[in-house]
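Colleague: Supplied in structure tokens, the structure appears directly below.
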Amino acid sequence: MICGVLGMVEISRIVGILESLIRIPTYSILGLADERIVYLSTLEGVLSLWSMDKNGGDRKRLTIEPINGATLPKPWSPYVVFIRDVTRGQELHRVFYVDARGGEEKLLADTPPMRIFGLGFDGSRVAFTGATARDVAIYLAKLDGSWEKLRVVDKLMFVTDIEGKYIVGFGNLRGDPRTFELFIYDLDTNEFKMYTPKPGSQNKAPIIRNGKILFESNYEGKNRLYLYDPETGALEKLVFKHDDYEKYDPVEHDVYGWTNDGILWAVGKKNGRSKLFLDGKLIPLPEGTIHGHPVFTDGKVLVAISGLLKPPEILEVDLEKNNTRVVVENRLPEFIEESFGEVRFVKYKSFDGLEIPMYVALSNTSPKPGPSIVYVHGGPWSEVRDVWSIMIASLVAMGYHVLAPNFRGSTGYGDEFRVLDIGDPGGGDLEDIVYAAKWGVNNKIASQDKIAVMGYSYGGYMTYLAMGKYPDIWKCGVAGAGIVDWEEMYGLSDAIFKQFIEVLFAGKKELLRERSPIIYVDNVKKPLCIIHPQNDTRTPLKPVLKYIEKLLDKNKTFEAHIIPDMGHVIIKMEDAVKILLPALIFLEKYLKQ
Ligand code: 4NP
């Protein structure tokens with residue numbers, strides 16, 4: 001035990017909680033490869049590819065070293081294609097593949113290491129978006145080891161699928177930071193065509209089957225699914241046989257596709273939870289969020305699902321009898337389960353009257369009002385949903401009430417809400433964070449004098465900014481992999497992150513300085529815990545070192561933990577410990593006491 005200034009910090013209790021939680025594996029299904037269900041899991045401590053038979057038996061780990069992502073497999077191929085960082089965290093990837101039935105993993109093609117962030121696979125070819133310091137381009141690689149760079153497209157864009165002569169994807173292609181257009185690359189003619197049903201609309205995540213492109217668009221108002229035929233130019237809105245889908249009225253979609261019989265399914269989402277529909281008919285599942293892709297096979301569907309304080313499991317639903325069986329279970333230790341309180345979804349009004357949705361996770365081991373944390377998600381085009389999160393679970397288990405606002409710019413609440421941070425990062429969204437703290441106090445969840453702000457990545461950025469611009473609200477702050485200087489970061493970024501910053505700021509270069517936490521460092525009043533991966537190439541360490549030097553010069557109370565040999569993304573449970581352990585010890589000392 002360490003004797004703190006105000007009391008005792010029980011390290012062994014913190015380690016016990018963290019150790020229990022990192023043993024809770026995540027599960028996310030990718031699809032079927034030659035009769036085997038392929039899924040991602042952290043079951044043995046690192047993010048790996050796994051496969052099992054259709055009944056959930058004969059589970060095999062397919063990859064050894066941690067991986068960074070995988071394409072959806074195809075039922076007609078036994079191969080699973082995945083990417084792996086080959087640079088200890090700099091996110092320079094290469095493409096590999098492995099047989100879903102087992103065997104050794106192999107390098108797919110001898111491409112130079114680059115940041116890969118959109119992939120499609122048709123059973124023999126892989127199309128992907130790759131970024132280097134110089135450019136963003138579409139690449140094609142084949143299982144025979146050949147590869148080519150097809151076209152430089154210096155935009156924020158993602159390849160999503162390949163079939164026949166087409167590679168499809170989407171991005172900010174018109175140069176308008178607030179809209180997404182599809183692209184269709186013709187491998188026969190090498191033509192790159194942009195497609196939008198209506199300029200100014202949002203069009204996302206196209207997939208292609210039998211020459212028809214299925215995608216999400218809001219060009220008629222709501223986000224709905226459409227089929228586009230690139231040969232004829234015909235566009236058709238999907239109409240389902242059953243009306244459960246329209247009654248649910250999804251705001252967005254996570255994934256969609258066709259069963260082997262060609263029936264359309266979709267995972268719709270609303271208010272941070274998702275539901276699965278087969279030809280518009282609701283598949284009965286517990287409340288929560290579906291991870292990855294459902295697999296429809298032999299009159300059944302398998303899905304991975306979780307909740308904010310409910311670990312991921314894989315369930316099987318019999319489509320005729322509608323009964324559910326747990327295929328892969330996940331159990332929390334009793335002492336952790338008992339510490340978890342209620343999960344609430346609320347909406348509150350921000351400074352300008354805009355309604356901000358928020359998840360609130362209550363701890364059973366603290367009074368109300370009690371010590372609370374405003375948890376700021378990354379992205380910023382992401383969200384806190386009713387989905388398992390080791391960060392939030394560990395805070396609740398430690399005895400903090402967590403307020404996790406989906407500030408303006410978050411996904412999940414329609415594209416009009418998502419684009420509200422474009423041209424204004426660290427502006428309205430920061431106000432929403434401040435108002436989340438106020439909501440916590442007004443609703444007798446947060447003790448006014450015991451509120452911390454904490455986040456990773458864009459959430460780390462907001463933490464720095466909140467500590468510098470609103471130093472009186474917080475008792476302390478924890479900034480993980482945060483951004484402190486947009487100008488310096490821009491110079492250190494590769495081609496895709498330069499695009500990212502340009503889109504986020506809508507080209508308003510003058511805001512880069514004004515919205516940088518480093519210019520508010522003098523105003524920081526409260527203890528700050530900084531945690532940063534050494535090899536992070538999304539939010540580089542260098543500017544943070546300068547920020548630390550300023551904190552030191554100004555005699556501020558802070559601690560800084562640089563995580564060696566780690567990059568931006570957490571793909572090892574060991575890394576989750578390296579980030580969370582110092583954060584939890586810091587909070588115990590500076591927030592709770
Ligand atoms: P994230 O990281 O929150 O993990 O997505 C980010 C990295 C870079 C930028 C924003 C967020 N950026 O604007 O460049």
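The values are calculated or read from the model by the stated rules, or taken from the named source; none is laboratory data. Note that this is a predicted model, so its numbers are computed, not measured. All Cβ positions, glycine included, derive from the backbone under ideal geometry; neighbour counts span all protein chains shown. Surface areas here come from the heavy atoms of the whole protein model, side chains and all, with no ligands, DNA or RNA. Shrake-Rupley method; radii C 1.70, N 1.55, O 1.52, S 1.80 Å.
Colleague: With +1 on each Lys and Arg Cβ and -1 on each Asp and Glu Cβ, how big is the dipole of segment 440-562 about its Cα centre, in debye rounded to the nearest 20? Can you show the working numbers first?
Modeller: Working: 17 positive and 14 negative charges, 69 e Å.
Rounded to the nearest 20 debye, it is 340 debye.
Colleague: Is there a quick way to get the dipole size of segment 229-277? I mean about its Cα centre, with the Cβ of Lys and Arg at +1 and of Asp and Glu at -1; what is the value in debye to the nearest 20? Each step should come with its number before you reach the end.
Modeller: Working: 7 positive and 10 negative charges, 69 e Å.
For this selection, approximately 340 debye.
Colleague: Report the extension gain between GLU329 and ASP279 in nm, rounded to one decimal, defined as 0.36 nm multiplied by the number of residues separating them, less their alpha carbon distance.
Modeller: Here the segment from GLU329 to ASP279 would lengthen by 15.2 nm.
Colleague: Using the Karplus curve 6.51 cos²θ - 1.76 cosθ + 1.60 with θ = phi - 60°, what ³J(HN,Hα) values do you get for each residue of segment 106-114, in whole Hz, with x for Gly and Pro?
Modeller: 9, 5, 7, 8, 8, 7, x, x, 8
Colleague: A follow-up question, please. Show the residues, 5+ positions off or on another chain, whose built amide H is closer than 5 Å to the amide H of SER447.
Modeller: Excluding prolines and chain starts, which carry no amide H, the hits are GLY370, SER372.
Colleague: Moving to a separate point now. Return the calculated 222 nm mean residue ellipticity for the chain, to the nearest 500 deg cm²/dmol, obtained by summing -39500 (n - 2.57) across DSSP H runs with n ≥ 4 and dividing by the residue count.
Modeller: Computed mean residue ellipticity for the chain: -5500 deg cm²/dmol.
Colleague: To continue, here is another question. Please report the relative contact order for the chain, taking Cα pairs under 8 Å with a sequence separation of at least 6, and give it as a percent rounded to a whole number.
Modeller: Result for the chain is 11 percent.
Colleague: Right, something else. Extending each Cα 7 Å along its Cβ direction at GLU574 and GLU338, get the distance between those two points in nm, one decimal.
Modeller: 3.4 nm
Colleague: So if I take the centroid of the Cα atoms in segment 278-336 and the same for segment 4-72, what is the distance between those two points in Å?
Modeller: 17 Å
Colleague: Which angle between 0 and 90 degrees, to the nearest 10, do you get for helix 541-553 versus the longest principal axis of the chain when only C-alpha atoms count?
Modeller: Here the helix axis deviates by roughly 10 degrees.
Colleague: Give a quick list of trypsin sites (Lys or Arg not before Pro) in segment 311-368 that DSSP marks as loop, anything other than H, G, I, E or B, with at most 15 other Cβ atoms within 10 Å.
Modeller: Sparse-neighbourhood loop trypsin sites (Lys or Arg not before Pro): LYS321, ARG331.
Colleague: Now, a different point. If each residue of separation counts as 0.36 nm, what is the full-extension length gain between LEU187 and LEU354 once their alpha-carbon separation is subtracted?
Modeller: Length gained between LEU187 and LEU354: 55.5 nm.
Colleague: Report, please, the projected area of segment 473-553 averaged over directions, based on the convex hull of its C-alpha atoms, in nm².
Modeller: Its Cα hull, projected and averaged over all orientations, spans 5.7 nm².
Colleague: A further question on this structure: How big is Rg to Rh over segment 1-107, alpha-carbon atoms, Rh as the Kirkwood inverse-mean-distance radius?
Modeller: Values: Rg = 18.4 Å, Rh = 15.6 Å.
Over the Cα atoms of segment 1-107, Rg/Rh equals 1.18.
Colleague: How large is the Kirkwood hydrodynamic radius of segment 336-416, counting all unique pairs of alpha carbons, in Å?
Modeller: Working: mean 1/r = 0.0760 Å⁻¹.
It works out to 13.2 Å.
Colleague: Counting only the heavy atoms of the protein chains, how much of HIS242 is accessible to a 1.4 Å probe, in Å² to the nearest 10?
Modeller: Here the residue's solvent-accessible area equals roughly 70 Å².
Colleague: Hey, quick one: spin label on ASN260, modelled 7 Å out along Cα-Cβ, who in segment 67-81 has an amide N within reach, i.e. under 17 Å?
Modeller: Only 73-79 pass the distance filter.
Colleague: Express the accessible area of segment 15-108 per residue in Å², computed with a 1.4 Å probe while the remaining protein chains stay in the model.
Modeller: Working: 3640 Å² over 94 residues.
Solvent-accessible surface per residue comes out at 39 Å².
Colleague: Would you kindly give the portion of the calculated P(r) for segment 385-449 that falls above 19 Å, as a percent of all Cα pairs?
Modeller: Of all Cα-Cα pairs in segment 385-449, 46 percent lie more than 19 Å apart.
Colleague: What are the residues whose amide H is under 5 Å from the amide H of LYS281, where those residues sit 5 or more places off or on another chain and H is modelled from the backbone?
Modeller: HIS242
Colleague: Turning to a different aspect of this structure: How far is it, in nm, from the label point at TYR490 to the one at ARG61 when both lie 7 Å from their Cα along the line to the Cβ?
Modeller: Output for this residue pair reads 4.4 nm.
Colleague: Something else: Can you bin every Cα-Cα distance in the chain into 10 Å intervals starting at zero and give me the percent of pairs per bin, rounded to whole numbers?
Modeller: Calculated P(r), rounded to whole percents: 3, 17, 28, 29, 17, 5, 1, 0.
Colleague: Right, here's the next one. Rank HIS561, HIS293, HIS532 by accessible area, highest first, at a 1.4 Å probe radius?
Modeller: Ranked from most to least accessible, the order is HIS561, HIS293, HIS532.
Colleague: Next up: Report the extension gain between TRP76 and VAL441 in nm, rounded to one decimal, defined as 0.36 nm multiplied by the number of residues separating them, less their alpha carbon distance.
Modeller: On the way: separation 365, 0.36 × 365 = 131.40 nm, distance 5.57 nm.
Answer, rounded to one decimal: 125.8 nm.
Colleague: Continuing with this model, one more query. R0 = 22 Å: FRET efficiency of ARG134 with VAL86, Cβ-based, nearest 0.05? Don't skip to the end; give the middle numbers.
Modeller: Details: r = 19 Å, r/R0 = 0.85.
Approximately 0.70, to the nearest 0.05.
Colleague: Give me the percent relative contact order of segment 144-230, please, defined on Cα pairs under 8 angstrom at least 6 residues apart.
Modeller: 20 percent
Colleague: Using Cα pairs closer than 8 Å and at least 6 residues apart in sequence, work out the relative contact order for segment 1-160, in percent.
Modeller: Dividing the mean separation by the residue count of segment 1-160 yields 13 percent.
Colleague: Could I ask something else about it? Between 0 and 90 degrees, rounded to the nearest ten: what's the tilt of helix 11-22 against the longest Cα principal axis of the chain?
Modeller: Roughly 10 degrees, rounded to the nearest 10.
Colleague: For segment 522-533, just list the computed ³J(HN,Hα) in residue order, Karplus coefficients 6.51, -1.76 and 1.60, θ = phi - 60°, integers in Hz, with x standing in for Gly and Pro.
Modeller: In residue order, the calculated couplings are 4, 7, 4, 10, 10, x, 10, 9, 10, 10, 8, x Hz.
Colleague: Let me ask you something else. In a shell of Cβ-Cβ distance under 12 Å around GLU191, excluding GLU191 itself, what net charge do Lys and Arg (+1) and Asp and Glu (-1) give?
Modeller: Surrounding charge for GLU191 is +1.
Colleague: Which one, SER306, SER41, THR196, projects farthest toward the positive side of the charge dipole computed for the chain from Cβ point charges (K/R +1, D/E -1)?
Modeller: Most positive-ward Cα: SER306.
Colleague: Continuing with this model, one more query. Dividing the alpha-carbon Rg of segment 205-314 by 2.2 N^0.38 Å yields what?
Modeller: Here the Cα radius of gyration is 1.08 times the empirical estimate.
Colleague: Right, next: In nm, to one decimal, how far is the modelled label at LYS509 from the one at THR297, with both set 7 Å along Cα→Cβ?
Modeller: 5.4 nm
Colleague: For the chain, which whole percent of the accessible surface, found with a 1.4 angstrom probe, sits on carbon and sulfur atoms?
Modeller: Here it works out to 49 percent.
Colleague: Of all the stretches in the chain, which is the longest one without any exposed loop site, taking chymotrypsin sites (Phe, Trp or Tyr not before Pro) in a DSSP loop (any state but H, G, I, E, B) with at most 13 other Cβ atoms within 10 Å?
Modeller: That would be 77-350.
Colleague: Find the percent of Cα-Cα distances in segment 442-593 that exceed 19 Å, and round it to a whole number.
Modeller: Of all Cα-Cα pairs in segment 442-593, 52 percent lie more than 19 Å apart.
Colleague: I need the P(r) histogram for segment 118-222: all alpha carbon pairs, bin width 10 Å from 0 out to the longest distance, whole percents.
Modeller: 16, 50, 29, 6, 0
Colleague: Grab the other residues whose beta carbon is less than 12 angstrom from that of VAL387, score K and R as +1, D and E as -1, and report the net. Intermediate results must be reported in sequence, preceding the final value.
Modeller: Numbers: positive: LYS269, ARG273, LYS310, ARG385; negative: ASP254, GLU287, GLU383, ASP386.
Taking every other residue near VAL387 into account, the sum is 0.
Colleague: Using unit Cβ charges (K, R positive; D, E negative) and no other charged atoms, how large, in debye to the nearest 20, is the dipole of the chain about its Cα centre?
Modeller: Using Cβ point charges on Lys, Arg, Asp and Glu, the chain gives about 1080 debye.
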